[in-house]
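A short reminder: the numbers here are calculations on the coordinates, not readings from a lab. Quick caveat, the model's predicted, so the values are computed rather than measured. Reconstructed Cβ throughout: ideal geometry from the backbone, glycine too, with neighbour counts over all protein chains shown.
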Amino acid sequence: MLNRRYDVCISFPARVTHISDDGTIAEAESMVDGSIIDVNILFLQDVSVGDYIIVHSGIGVRVVSKEHAMQICSVLRDSLNGE
């Protein structure tokens, strides 16, 4: 049997803290570890500071409710802790 290692990208929730003047890049705080990241938001409509978004590979893919973001964050934390 082959031992294989698989690298995966996991989407995660973040809260938008700032949007660039041209509306293409958002600064967001990861809800998983609190890090501040730059996110391309070209594919999202009507994003505002304080909104919760799902981020995948540095790209905002969906605006979600705070409750949904918290639920996803809980599942991710449990998975990372081996629960």
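How many residues, within the range 20-58, are more than 25 Å from ASN81 (Cα to Cα) and either among the aromatic types (Phe, Trp, Tyr) or outside any loop (DSSP other than H, G, I, E, B) (or both)?
Residues flagged as more than 25 Å from ASN81 (Cα to Cα) and either among the aromatic types (Phe, Trp, Tyr) or outside any loop (DSSP other than H, G, I, E, B) (or both) within the range 20-58 amount to 7.
Within the range 57-79, count every residue that is in contact (Cβ under 8 Å) with a residue 40 or more places away in the chain and out of contact with any strand residue (DSSP E or B) (no Cβ under 8 Å at 6 or more places or on another chain).
So the count comes out to 2.
Name the single residue, out of those in the range 1-19 being polar (S, T, N, Q) and assigned to a loop (DSSP other than H, G, I, E, B), that is nearest to LEU80 (Cα to Cα). Spell out the reasoning first.
Filtering the range 1-19 for residues polar (S, T, N, Q) gives 3, 11, 17.
Filter once more, so that each one left must be assigned to a loop (DSSP other than H, G, I, E, B): 3, 11.
Details: ASN3: 21, SER11: 13 Å.
Among those residues, the one meeting the criterion is SER11.
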